[in-house]
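Colleague: First the structure, which I've put down as structure tokens, then a few questions once you've had a look.
The values are calculated or read from the model by the stated rules, or taken from the named source; none is laboratory data. Just so it is clear, the model here is predicted, and its values are computed rather than measured. Quick reminder, even Gly has a Cβ in these numbers, built from the backbone with ideal geometry, and neighbours come from all protein chains shown. The area values use the complete protein model at the heavy-atom level, side chains included, leaving out ligands, DNA and RNA. Shrake-Rupley method; radii C 1.70, N 1.55, O 1.52, S 1.80 Å.
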Amino acid sequence: MGNTGESDRTYRTVIQYIKSGILSGRLLPGQRLPPERALAETLGIGRNSVREALRTLDILGVISSSQGSGNYISCHFDRSLTEAMSIMLFMQRLSYRQVSELRCAVETQAAALAAERIAPRTVAKLQKIVSRLAAEEDESVSAELDKELHMTVAEASGNPLIVMVLRSLSNTLDLFISELRHEIRTREQSSPALQKAHEQIVSSLRCRDAQAARRAMNEHFRIVDEAIRACTEQ
């Protein structure tokens, strides 16, 4: 029990050091941390304890480690969120429907914000993606294009938290999107409807119509929800 308490105190000591460094501006994203020996001396704790704490922070995405180079501030919290979401999904504590509902809520707001903030070059990029989706027959390529379209809309929202949440789901959604696209493409009435929804999303962004963007994104997820029901009813 004593070792557990000591480990916890060590972890908190290292966390507090990094937190105070970020708040003061002494540590910035991408900046290299002092070597383990220097950290141990500065914080008055053992080098092995520092190494364990840094390993935990690496898993959480607070820092990134590069062999032979050192440890760097990264703040890639989407990494730990992705792991948590994936585990919850595959342990069936989350359902595909719940994932879709989360995406719908976040992406509908992202589309509305993007309508106000999107740059003309980003609209042009989305138009190219939609054109490629219309002509693409390879399901794996279509899945990647679909993912690129949605991430581009999220980035156009100008809200880094929206982007982080969606990226945190990326590993889970890779399988999710591929399975759904296969289901949708095998249902003749759904594939054209999904393509039309994508076109409406891009059109509303081009016109800078936030309400139309919301409606188009909601229609997209209505089609997705139908595919989910078809999958679960089989």
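Colleague: Tell me, what % of the accessible area of the range 9-157 is carbon and sulfur with a 1.4 angstrom probe?
Modeller: Its accessible area is 53 percent carbon and sulfur atoms.
Colleague: So for the range 29-77, averaging the separation of alpha carbon pairs under 8 Å that are six or more residues apart and normalising by length, what relative contact order in percent results?
Modeller: Reported relative contact order: 44 percent.
Colleague: Report the full-extension gain for the segment residue 229 to residue 127: residue separation times 0.36 nm, less the Cα-Cα distance, to one decimal in nm.
Modeller: 33.8 nm
Colleague: Students often forget the sequence filter, so: which lysines lie under 20 Å Cα-Cα from residue 128 once same-chain residues fewer than 8 apart are removed?
Modeller: Partners found: 147, 196.
Colleague: Set the Förster radius R0 to 25 Å, insert the Cβ-Cβ distance between residue 66 and residue 95 as r into 1/(1 + (r/R0)^6), and round the FRET efficiency to 0.05.
Modeller: Efficiency, rounded to the nearest 0.05: 0.10.
Colleague: Work out how much length residue 211 to residue 88 would gain on full extension: take 0.36 nm times their residue separation and subtract the Cα-Cα distance, in nm to one decimal.
Modeller: Result: 41.0 nm gained on full extension.
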